[in-house]
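The values are calculated or read from the model by the stated rules, or taken from the named source; none is laboratory data. Quick caveat: nothing in here was measured; it's all calculated off a predicted structure. Quick reminder, even Gly has a Cβ in these numbers, built from the backbone with ideal geometry, and neighbours come from all protein chains shown. Remember, those area values only see protein heavy atoms, side chains included, never the ligands or the DNA or RNA. Shrake-Rupley method; radii C 1.70, N 1.55, O 1.52, S 1.80 Å.
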Amino acid sequence: MLQVTNLTKRYRGLTALDNVSFHIQPGEILGYLGPNGSGKSTTVKIITGLLDPSDGEVRLHGRTLLDDPIAFKSSLGYVPEEPQLYTHLTGAEYLVFIARLRQIPFNSAVRRAADLLKLFQLHDARNSPMSTYSKGMRQRVLLASALLHDPQLLILDEPFSGLDVNAALLLRTLLETLAAEGKMILFSSHVLEVVEKVCSRVVILYKGKVVLQDSIENLKDSRSPDLQEVFAQVTQQEDYAPIASAILKAVRQ
Ligand code: ADP
Ligand code: MG
C-alpha cells in the first residue's frame, strides 16, 4: 500500500501542499484530480523522491524512501509531466539504457525493449532518433520506460497529454490490466472524463488541499451524475464563459 500522510510543501511564501493525506491499495487506480496549480505535480515529485516535503511522509509497504532509497525507487515507475528525454538516442537505445539503469541484465533489457516498442506501436520508429518523434510517440516511450522493470506502483502525471485516441485507449486498457494484477496506480490529471472511466477512487485537490476524497460510484450517486459538476462545485470554479468571450472579443478587435 502507498500511504501519504499529512504531506505539506512550502515554496518560500507559497504553501503548494497543505496537509495532504491519501492511500492507494494494491489493485487500485487512484485519480488525483485538480485544476492547474493545485499541487498534483508537487505531490508526485515528493512521492518519487525528486522533492523533499516540508512536512509529512510517504510510505510504500510501510517503508519510507529514506529507509532504503534503491528498493523504494525500484518499486515505482514514473511518467513525468515534463519529461527530459535524451532525444539523440533512438527509442530502442533509450529503453535499453533505462533498463540497464534499472539493473536489468543486457539480454533481457534488449528483449523487453523490443517487446514494448512493438506493443506501443513504435517498432517502425525504433531505430530513429527520438528527436524525430511526435509528442505522442515520446509519451509512449516514456510509458514503456516506466513499465520496463514491472513496478508495483505506477505514477502518471497528466499521461493523456499528447496521446491520440488509440494510444489513449491502449493506456486505459493497460492500466486496468495492471490494476487487475494488483499494482497500485496514481493517475494525476486535470481531465475528468478519463479519470471517471479509469479510476475507482478520486482525490480532488484545490489550492494544495484535499477538498474531496471518495469512490467514483459514490460521487456519481450522491452528488451529481456528471463528475464535471462535482469537480466544479468542490473546486469552486468560476463561470468562465464571460472570461472566454472577453478574451475572444479582445483578440478580434
Ligand atoms: P499542478 O501539477 O496541480 O498543476 P504544481 O504542483 O505544479 O500544480 O504546482 C502547485 C503550486 O506550486 C503552483 O502554485 C505552482 O506555481 C507552485 N510551484 C510549483 N513548483 C514550484 C517551484 N519549484 N517553486 C515555486 N513554486 C512552485
Ligand atoms: Mg502538474
Legend entry - Those residues of segment 69-89 which are surrounded by fewer than 21 Cβ atoms within 10 Å (Cβ to Cβ), of a type outside the set (Gly, Ala, Ser) and not in a loop (DSSP other than H, G, I, E, B), in sequence order: 69, 70, 73
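Can you tell me which residue within segment 145-169, out of those that are among the charged types (D, E, K, R) and within 16 Å of ligand 1 (Cβ to nearest atom), is most open to solvent (accessible area, probe 1.4 Å)? Break it down stepwise before answering.
Within segment 145-169, the subset among the charged types (D, E, K, R) is 150, 157-158, 164.
Now drop any that are not within 16 Å of ligand 1 (Cβ to nearest atom), which leaves 157-158.
On the way: 157: 2, 158: 18 Å².
This residue is 158.
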Legend entry - Residue tally, condition at pLDDT 90 or above and either of a type in the set (Ser, Thr, Tyr) or open to solvent by 80 Å² or more (accessible area, probe 1.4 Å) (or both), over segment 113-125: 1
Legend entry - Where a residue in segment 40-65 is touching a residue at least 60 places away in the same chain (Cβ under 8 Å) and assigned by TED's automatic domain parsing to the domain that holds residue 156 and its partner, wherever it lies, is within 13 Å of ligand 2 (Cβ to nearest atom) and open to solvent by 70 Å² or more (accessible area, probe 1.4 Å), with Cβ under 6 Å and at least six apart: 41/81
Legend entry - Number of the condition not met by residue 106 [criteria: (1) in contact with a Pro (Cβ under 9 Å, 6 or more places away or on another chain); (2) away from ligand 1 (no atom under 14 Å from the Cβ)]: (1)
Legend entry - Selected residue (criterion: most open to solvent (accessible area, probe 1.4 Å)) from residues of segment 23-50 that are part of a loop (DSSP other than H, G, I, E, B) and within 6 Å of ligand 1 (Cβ to nearest atom): 36
Legend entry - Leading residue by the ranking (modelled with the lowest pLDDT) among those in segment 126-153 that are part of a loop (DSSP other than H, G, I, E, B) and of a type in the set (S, T, N, Q): 134
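Yes/no per residue for (1) in a strand (DSSP E or B); (2) touching a residue at least 40 places away in the same chain (Cβ under 8 Å); (3) within 16 Å of ligand 2 (Cβ to nearest atom); (4) among the acidic types (Asp, Glu):
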position: 160; (1), (2), (3), (4): no, no, yes, no
position: 178; (1), (2), (3), (4): no, no, no, no
position: 187; (1), (2), (3), (4): yes, yes, yes, no
position: 193; (1), (2), (3), (4): no, no, no, yes
position: 197; (1), (2), (3), (4): no, no, no, no
position: 204; (1), (2), (3), (4): yes, yes, yes, no
position: 211; (1), (2), (3), (4): yes, no, no, no
